[in-house]
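The values are calculated or read from the model by the stated rules, or taken from the named source; none is laboratory data. Everything numeric here is computed off the predicted structure, so don't read it as measured data. Note: ideal-geometry Cβ built from the backbone for every residue, glycine included; neighbour counts use all protein chains shown.
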Amino acid sequence: MNGNLVEGAKRVIADLRELAAMTSDENGAQRVAWTPVWQKARDWFAAKAKEAGAEVTVDVAGNTWAKIPGNGPEAVAIGSHLDCVPNGGWLDGALGAVVALEVLRRYGKGTAPRHTLYAVNWADEEGARFGRSLIGSSAASGTLDIAEIIHRVDNLGVKLTDALADHGVKVDELLRAHEQLKEKNIKAFLELHIEQGPVLENMKKDVACVYGITGCERHYITFKGQAAHAGSFPTLMRQDAFLAAAQASLAFKQIALKYDAVCTVGKVSVKPDVVTIVPEECVISLDQRSIDPEALAKMHAEAQAVAAKAASDQGVSVSWEKIWAIAPTIFDERLTKLCQEAVKEESGEATTVYSGPLHDAAEMAKIVPTVMMFAMSERGLSHCKQENTADEALETAIRAFLRLADKVVA
Ligand SMILES: [Zn+2]
């Protein structure tokens, strides 16, 4: 193993700044997947990995793999994503990919580690251009539904198939990435990421072990009433679809508080959407998340009950349509323990949290033992140019992650 943790952490931050300078403009980072700026970031990653002594390949899904052979038959993969949303921040994804380069440097030019080491840059985590997140990692985990993405186009009318082909990726061959992954014999996946929320800052913690990722129930709820004249219809005789949606939405907040979870009504549409007409129809979205599968099921059942009550109170009908659901992910117990140890060694306490957002680690966790670590996010901000973590906090998190990598790789 080469180098010390303090210098390593400083090198990672210097690399992150170098990458940000290359791939940002006055509005933030512009490394949107399948664009020239993203390609520049990928090339930079590959060059840095080669400098560290790694052998670089790209799989059929566009994921970049940098390999340092180990002594044993098993492998450990470490990484995250270099793509970002338009006008994104300098750390989301980049932190986890760039710290993996430092792990390569720790093992690249000395005695071979116990396990083969891979640094991976997953392709298109954000789904910013074509609306499907986790393309590279879900192709590798084998869960990607090709039929669901093959006809997608971006805002400018560019076909997904063409954009990927420009980067050497054939959509109908994406799932071969799963076979390519199996050949690597990976027995652990580690990902460092910024928190993208305010919890750690609120706890005054720089770094935490992440033991899992919340599950999600996502639905559209349609309330149907009767359109009527805003002047002539008495309040108590109305069938106001918006009021039912509003009443239900307030009740969803109570459900979130009861289960220490989150419920979000992010979309609202009212018909006929005219100031002088009592709303006839109101469609809202409901996104419910919890780390506890039983709680998530109860939250969904209670949401249906309070929506039915709101509909009946307002004299309207209600119907549900499922958009998407995913069960909570609980990470590997052994790796979680090692991660807690590493966090404690560096920060004095084994802070442990769960993740609300999805990450590439959620896909990897389906097929290999996985764990994540979070660095705190200032003001919880992410997906914007204000995204930041102060150097000192970032260094603590990076050192803790390098310790975790040593525990698993060496
Ligand atoms: Zn990310």
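Scanning region 228-245 for residues that are under 41 Å from the mean Cα position of the chain (by Cα) and either free of Cβ contacts under 8 Å to residues at least 60 places away in the same chain or not assigned by TED's automatic domain parsing to the domain that holds D292 (or both) yields one hit, F242. Against the test of being within 16 Å of the ligand (Cβ to nearest atom), closer than 15 Å to L358 by Cα and touching a residue at least 12 places away in the same chain (Cβ under 8 Å), the options G197, G212 yield a single qualifying residue, G197.
In region 320-335, is there at least one residue being β-branched (V, I, T) and closer than 27 Å to V99 by Cα? The answer is yes, given that some residue of region 320-335 is β-branched (V, I, T) and closer than 27 Å to V99 by Cα.
Of all residues in region 102-121, those being within 22 Å of the chain's Cα centre (by Cα) and free of Cβ contacts under 8 Å to residues at least 40 places away in the same chain number 0.
All conditions in (1) surrounded by 14 or more Cβ atoms within 10 Å (Cβ to Cβ); (2) touching a Gly at 6+ places or on another chain (Cβ under 8 Å); (3) not basic (K, R) hold for T276, with the sole exception of (1).
Residue-by-condition table, conditions (1) away from the ligand (no atom under 16 Å from the Cβ); (2) not acidic (D, E):
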{"residue": "S347", "(1), (2)": "yes, yes"}
{"residue": "Y354", "(1), (2)": "no, yes"}
{"residue": "E363", "(1), (2)": "no, no"}
{"residue": "D406", "(1), (2)": "yes, no"}
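For D124, the criteria (1) within 18 Å of the chain's Cα centre (by Cα); (2) on the phi < 0 side of the Ramachandran plot; (3) modelled with pLDDT of 95 or more hold in every case but one, which is (2). For region 223-274, the tally of residues that are among the polar types (S, T, N, Q) and under 22 Å from A297 (Cβ atoms) stands at 3. Residue pairs whose Cβ atoms lie under 6 Å apart, sitting 6 or more positions apart in sequence or on different chains, and linking a residue in region 10-25 that is within 15 Å of K385 (Cβ to Cβ) and assigned by TED's automatic domain parsing to the domain that holds G93 to a partner that is surrounded by 19 or more Cβ atoms within 10 Å (Cβ to Cβ) and aromatic (F, W, Y), are A20/W90. For region 119-141, the condition holds for at least one residue, the condition being that it is buried (at least 21 other Cβ atoms within 10 Å of the Cβ) and under 19 Å from K407 (Cα atoms).
State yes or no: is W38 buried (at least 20 other Cβ atoms within 10 Å of the Cβ), aromatic (F, W, Y), on the phi < 0 side of the Ramachandran plot and part of a helix (DSSP H, G or I)? Judged against the criteria, W38 is a match.
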